[in-house]
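See structure below.
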Amino acid sequence: MQASNSTPAAASATKTTTKPDATPPDDQGKDDPPPATVPADDTSGLEDTSASGATAAEPSATTGETETDTSAVDDAVQEAEEREELQQFVQELRDKIESKRQLRHQNSVFELPGEEHFARLDSNLKKNTAFVKKLKLFTATQLEALLKELSALNLSKYISEICAALAEAKLKMTDVPAVVTLASRLHCTYADFDVQFLEAWQKALNIKATEKINNPSKLRVDLRLFAELVSSGVIQMKPGLAQLGVVLVHLIAQDKEDHSNFSIILSFCRHCGEEYAGLVPQKVQQLANKYGVEVPKSEFLTADKQLNLRNMLKGYFKALCKHVLAEQAELMNMTKNIRRTMECKGEISTEKREKCEVMQASFDKLLASAQSLSELLGEPLPELAKESECCNPGTVIDNMLDSAAFGVLDPWGDEETRSFYTDLPDLRQFLPNFSAPKVDLEQMEEPSELTEEAIEANLDAEMDIDDPPSTASDSADNPPSEESPAAGAAGAAGAGTAAGATPTTPVSEEVKPQKMGTALMELGRQQQNQNGQTQNQNQTQLRQQFDTFLVNLFNCVNKELIDSAAIEFLLNFNTKHQRKKLTRTIFSVQRTRLDILPYLSRFVAIVHMCNTDVAADLSELLRKEFKWHIRKKNQLNIESKLKIVRFIGELVKFGLFKKFDALGCLKMLLRDFQHHQIEMACAFVEVSGVYLYNCRDARLLMNVFLDQMLRLKTATAMDSRHAAQIESVYYLVKPPESSKKEAAPRPPMHEYIRHLIFEELCKQNVERCIKMLRRINWQDPDTSGYAIKCLSKAYLLRFPLVRCLADLVSGLSSYQPRAVTIVIDNVFEDIRAGLEIHSPRMAQRRIAMAKYLGEMYNYKLVESTHILNTLYSIISLGVSMDQNVISPLDPPDSLFRLKLACMLLDTCGPYFTSQATRKKLDYFLVFFQHYYWFKKSHPVFSKSENTSDLFPILVDHTYRDCLTSVRPKLKLYKSLDQAKAAIDALQEKLYPQLKTNSNQDTPLTTISEISELDEAATDEDSGSSNEQRERQVAGQEPEQGNDWTENETEPLPAQPLPQEKSKEDLEFEQMYEKMTTDSYQERLKEPIKATPKDIPVPMTARLQKKSYEQLTNCNVSATAPQQISKADTGGGGNGGAPSSPGTDPPEAGKPGGNGGAVPFVLMVRGNKGGKQQFKSFVAPSDSHLAINLKLQEQKIREEKEKVKRLTLNITERIEEEDYQESLLPPQQRNFTQSYYQKPNKHKFKHQKGAPDADLIFH
């Protein structure tokens, strides 16, 4: 209640500061917004606050000095801004006064041209008439063209028509300077222009004191234009001032009561007040007095004449202030009546509410104008009356509803929904001439009060009216009845034109004078016919474009697409006929497209901001269709009925369908609550029930109707499905009150850790999060345990940030290795638990953890062996390869494990780059394809044998895309038999001795064998071949790489005694050793194919005979390092022809010196594949070839120097680390060593956080 104890003036003043000026749209951009006024009480409150603040600051001297310095800086900045603002205003005013003075001098001292000048000009009737017509539609952009025409035409006989056209033209405020310029040119050219121009203005400004002004917008512009013409010297000063004074006196005289002309008076004061009344804004005058700056004044009128007009304006301002006080008193009385009605009945009618809102808007507009005029005249506003509560009617209703314990009402539920229904695009960014449509107050008024009795009475009246069904008209998008008259008219016009064009135009040279007119008329008809045909073609093309637009409209299934479609319609197709066609198309949307109804409603809401007829027509069509279905009482077309009620519900939430009518529709359904009407009511409540229940004006009635629905369900024997629907929508709108468990508050350190990991973490601040997490107390078990717990829950992050979390853990691995080890164990355990518990609720969690594990491999936190073990577990743990045995962990219809394996492969599969890891992954892909085909060929996904038409296509695409990204050249198997054959071949190749002993269908025994390859070799190969993945820690020993949880400081457990190996094991080890030895020998035989950039010049080319010129320039050739490059012949079909150095030069040698030419040797391929040929040529030193090679040499030298510096720095750093480590005790020296580092390697210092995976791997 305390928040509402503010004055109406304060509330209104707060609103008016953000509103534009209370003037029509044509000069909206020119007028400045009215300043806000602060009541005296508010000022004193601010003084008290500042005083109390100063008192509180006294105890601390340092704080006081800081505040003093800050206030001094603020005062200096404010003073600079004020001086700049004052200087800008003074400069603009001085330029305006000077330009007006020069224009008056130009219009007073000039020499009229003589008769010879006019004799040379064009006196054509047609051109002069066209010039006069252009003046009637004058705009500022036409000034240059009109001045050019004016200098070429003799308009002596058209002066009166020109004056009338300029006086009657509908101009804007931006056109006034251009009209003054044109009138000045006419005044200096024609002698009697000023007299006739004054007479035309006297007719245009003939205002009677007893008649109201019909067009205030035009009069506002005309009054400013006339004042500008008088001050510019176009119209004589004495009669012009007299006419201007008469107009102002009549405007003020007839506006003493309702003040409907205040916008005209205010506009005149703003634009012409400085010249005619000496008005300067109060703020500018105060700044000028403060800083001692003199404001320039116009010399057009004397001070006595200006004083007379100023006194007349002050008298008008006093009358306006009295009107403001009277309007406020009336508004407060209406508010009291609304409060009294609310206290008695518990609700108010929409009519009274909207009437109060209109009065509030009118009062705000009047107060804003009074504030603007007060600022210009320098007169203070009277103190407005106060009341215990604000005069806004919404405040009264809010207070009454709050007293009813409704609490905080939120119709939307979340910010995204609110944004969808309330944040419509700002059309002023797209439509240059946008203006809000004028709202008819009679249409805004509700038919009666928003009560249950009023709705009952309205329903009885509506049901008596027999509305025709609109179903038949909805099916046709383009009724022929509307287009056929236009087509018939066009056809008739075309036939008439063709008939008129049948006589041929006479082309003979001997034409009689009396037939010349007929020939010209025939030419005019032909041109008109051609223009008509072009216009018809354009209309046909536009109609086709609009039809395409309507078809594509139903494909707009998100917010951005529907907004773009609405703006496109307003820019290109916004005509009355096309709006009607659009309304019919939207109304006849397919009954099964319930998903697009919210977007179509948003489309209509955006169009409603410019044109209200679409929303009104659509609402009327829906209302009539709904009533027709209710009266029909048949049990057909349930989908159409649900579409209608859902559409109505969406329009209600956009404010396009009245709440009164929507509640009336619900009441109509509750009258005969059975069969289809139950489903219609439930659909309506599902769409708009929450919104209506949380709107304060409809909450009471919606609550009554919901209770009535629940009572009807209890008292009526209905189907269980209908009863479940009623309960569902009832508790959707009114959820049952449940005892909410208050969450235990977390410690501040836990909240900080959650804030860093789940809120602050992103790609840009991973480094900062690493530094912050390093600072927490990792020695505290509670803090470190909670940090490990948060680092292990990747599924709580947004999916794109999983990579950032892996980056964060990688950065911490050098400082907290034990914690990182526990995090990795938790990830493996979570994935294993997901495989052992088949629950669809954990799907997103399992996908996120698989992604997390793959990113950990990318950041060198886990080894490839662990990834492969996880992949094999995904396709084997709990999987039954017998179709007759259904596994509870992997049901036949569950394809989630395929998605899980694809996610893990997509994340880290492309980075299996070493030969050993690639070979292991290739083996897994064989088993993975077998698992895929086993799933796809299951009878669940096939109607008949070898038919897989029921297999989800998205899963199939995911599988193929995954294998394509991992192995682009892999040949996929096409059936389950091929996959089984591939597994058998793989078993025979790797384990031929096990073929006779293994007769099982499932190849699970090979999984563990394949994963038991030598890990040490794998790690070394992957570390040496994968150049993109930079390991933070050096390679590790097999024992350390496999044992993540073992602490090096603790004694190792006793190893069990090795068992005796069988004969098969010995044979296997021999074959395996032989295979690895052969593979190693083969790799040694493979030549290393290097691609040298520079090739030394062969001796044959060096010993070529030199010419006389080359011998003379031997000093240049001796110093040049002669190098050649391979010649790129540009394709296999060029036959070895050398390329031109200017167009596509081949790789050549380096420039040979600083002389004027650089010698090169070009190596080309023979025409028939013969031996290589060498050709010498000389390139200028300033050519692109020589310059590029110089730059390349310079880059190579810089790179070598950089590598040299880095090497020296690394040596120094290693020596420093050795020295620091030697100072530590032995216990700490062992503990600081990482678990997964080699013993002799030193710990890597993390300088810049974890590496950027995007930069390294892509």
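The values are calculated or read from the model by the stated rules, or taken from the named source; none is laboratory data. Everything numeric here is computed off the predicted structure, so don't read it as measured data. So basically every Cβ, Gly included, is an ideal-geometry build from the backbone, and we count neighbours across all protein chains shown. These area figures cover heavy atoms from the full protein model, side chains too; ligands, DNA and RNA do not enter into them. Shrake-Rupley method; radii C 1.70, N 1.55, O 1.52, S 1.80 Å.
Quick notes on this one:
- Tensor-based shape of the stretch 196-299 (alpha-carbon gyration tensor, a/c under 1.5 rounded, otherwise prolate or oblate): oblate
- Whole-number accessible area per residue in Å² for the stretch 141-274, which is evaluated in the context of all protein chains at 1.4 Å: 41 Å²
- Taking only protein heavy atoms and a 1.4 Å probe, the accessible area of the stretch 110-251 is 55% carbon and sulfur.
- Protein accessible area in the stretch 716-794, 1.4 Å probe - carbon and sulfur %: 50 percent
- Computed log₁₀ I(q)/I(0) - Debye formula, equal Cα scatterers, no solvent, the stretch 110-251, q 0.11, 0.13, 0.21, 0.22 Å⁻¹: -0.41, -0.56, -1.36, -1.47
- For residue 232, net neighbour charge (Lys/Arg +1, Asp/Glu -1) across residues whose Cβ lies under 9 Å away: +1
- Expressed in Å, the radius of gyration and Dmax of the Cα atoms of the stretch 769-862 are 13.1, 40.
- Residue 318 versus residue 1188: modelled label distance in nm, points set 7 Å from Cα along the beta carbon direction: 8.9 nm
- Reference-scaled alpha-carbon Rg (2.2 N^0.38 Å with N residues) for the stretch 650-709: 1.02
- Inverse mean reciprocal Cα-Cα distance (Kirkwood Rh) of the stretch 603-730, Å: 15.0 Å
- Stokes-Einstein translational diffusion, the stretch 738-894 - Kirkwood Rh over all Cα pairs, 1.306 mPa s, 10 °C, in µm²/s: 93 µm²/s
- Extension gain for residue 1178-residue 127 works out to 371.2 nm (0.36 nm per residue, less the C-alpha to C-alpha distance).
- For a modelled paramagnetic label at residue 767, 7 Å from Cα along Cα-to-Cβ, the residues of the stretch 810-836 in reach, with backbone nitrogen under 19 Å, are 810-815.
- Pairs of Cα atoms nearer than 8 Å and 6+ residues apart set the relative contact order; for the stretch 769-862 it is 36 percent.
- The stretch 769-862, dipole about Cα centre (Lys/Arg Cβ +1, Asp/Glu Cβ -1), debye to the nearest 20: 300 debye
- Working from label points 7 Å from Cα in the Cα-to-Cβ sense, the residue 85 to residue 547 distance is 6.0 nm.
- Mean-position separation - Cα centroids, the stretch 669-697 and the stretch 625-648, in angstrom: 13 Å
- The stretch 769-862 - accessible surface per residue (Å², probe 1.4 Å): 40 Å²
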